[in-house]
Every structure is written in structure tokens, then in C-alpha cells.
1. What is the mean number of Cβ atoms from other protein chains located within 10 Å of the Cβ atom of each residue in peptide A:98-110, rounded to a whole number?
2. Normalised by the empirical 2.2 N^0.38 Å for globular proteins, what value does the Cα Rg of the range B:1-101 take?
3. Sorted from largest to smallest, which semi-axis lengths in Å does the alpha carbon gyration tensor of the range B:44-106 give for its equivalent ellipsoid, taking the root of 5 times each eigenvalue?
4. Which value in nm describes the separation of the simple spin-label points at residue B:42 and residue B:74, placed 7 Å from the Cα toward the beta carbon?
5. Compute the label zone of residue B:85 within the range B:36-74: residues whose backbone N is under 15 Å from the point 7 Å along Cα-to-Cβ.
6. Using only the Cα atoms of chain A, build the gyration tensor, take square roots of its eigenvalues as a ≥ b ≥ c, and label the shape rounded, prolate or oblate: rounded if a/c is under 1.5, else prolate if a/b is larger than b/c, else oblate.
7. Once label points are set 7 Å from the Cα along Cα→Cβ at both residue A:10 and residue B:22, what is their separation, rounded to one decimal in nm?
């Protein structure tokens, strides 16, 4: 069965630290990949997406992600986090159908 | 563009009553809409896929008689939680797919509805 893994469940960083959140999926065919952010008490917001082309995708708020097909990964990065980045981050994969499969989420806390 | 709204944003009801949640695509036609459920501090779980003019497809383990889905128009899908119980309390999120757009494989998410059953 298709699955999405986010290995970091909780991450705590100080402001200005660099961030990398892992996302791995299991599907051998063509995939569309997404990262969403959910701020406390708010709804999902799309950070970035990958459909095709350049595997390095830049999104909003200074986030980027790299699709590495050979590793079935789509890790999210930000060079310098801010306190306002405290949120939960979800990786999602659309593989073969139009359904999304979400990862379990990573809760990020940035200390001021 | 690609805005999805949900109504109500919050609802509190008594056990045994039914609650209807609306999901609307405001600026595009959504032939397919999706309903998710999110428990506190957990991920989104797909409940069902709603296709305009046809019966919804439910994921394994989701009771179709409890969670009634209607997708009567290209811009509106409704989820009715029938005979609600406290364990149905959750955050319900809908999304819609713009089949005609360039991002035809992308889903656009609504803001969610927080249901509390007393």
C-alpha cells in the first residue's frame, strides 16, 4: 500500500537555525508532492508543490524542497527559521490517483 | 483563485442530533471533492471522495450511513454527521479538485469545521 513517512514527529529549534524535515513515500510511479503548513488553530496552507521539472522547488515564506526520485524523498528545508514558523507541517503525495496521502505531520517549535 | 469555503466553521451539538457541513468551491467547478477528518495532534485521514452527480466513495472503515455525503452541484458538497456522538467530535476538512485547471491533480483545501458533540 502507498504510504508517506515523516520521521521527525517533533522538532525544536532556536531562531535562525536551519530546518530540514524529512518526507519519504512508497510508490514507484509518477508522483505529485506537496508540503502544507498548519499554524495553531488555523487551516492548511500550501507551502509548495512539485509536479514535474526542476526537482528543487521554492515555496512561500522562504521554504524549499528537493525531490530526489532515487530516494523517494521530498524533504522540506529553510535556511533560517523564525518564531512565526512554529506550526505543524504535513507532507502529502498524490500517486497514481487524485487522492492525497498525508504523512503523520511534524510539529515544529521555534524558540525565540 | 481556487478558493474553497466551509460552513459552519464551528458547531456544537447535542448527542443524537445531526449536523450538516457545507463545502463550496467559490471560483471554480469542482467535479470531485474530498472529505477529511483530523483528530487533535494527528494527520488528515481521507473519509470519502465525493463526485458530482454520483454516490460518494468511502474509505475503508468509514460508515456511509453515519457520514452522508451529497454532491448535488459542481460547487457544493455537504457532509451530514447523523446521530452524532461525542466520539464524532473532530475537525472536518474538505477539499476540491479543479479538473479543468492546469493543476488538475491538486486539491484546494477549505478552512475546516470543528465539530463538538456534547
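Bear in mind these aren't lab numbers, they're just calculated from the coordinates by the rules spelled out. Computed from a predicted model, the values in this text were never measured in an experiment. Because the Cβ atoms are built from the backbone with ideal geometry, glycine has one as well, and the counts that use them run over all protein chains shown.
1. 4
2. So the range B:1-101 has a normalised radius of gyration of 1.04.
3. So the equivalent ellipsoid measures 23, 13, 10 Å along its semi-axes.
4. Computed distance between label sites residue B:42 and residue B:74 equals 3.6 nm.
5. Output list for this probe position: B:62-67.
6. Prolate is the answer for chain A, as a/c is 1.5 or above and a/b outweighs b/c.
7. With each label point 7 Å from Cα toward Cβ, the separation is 4.1 nm.
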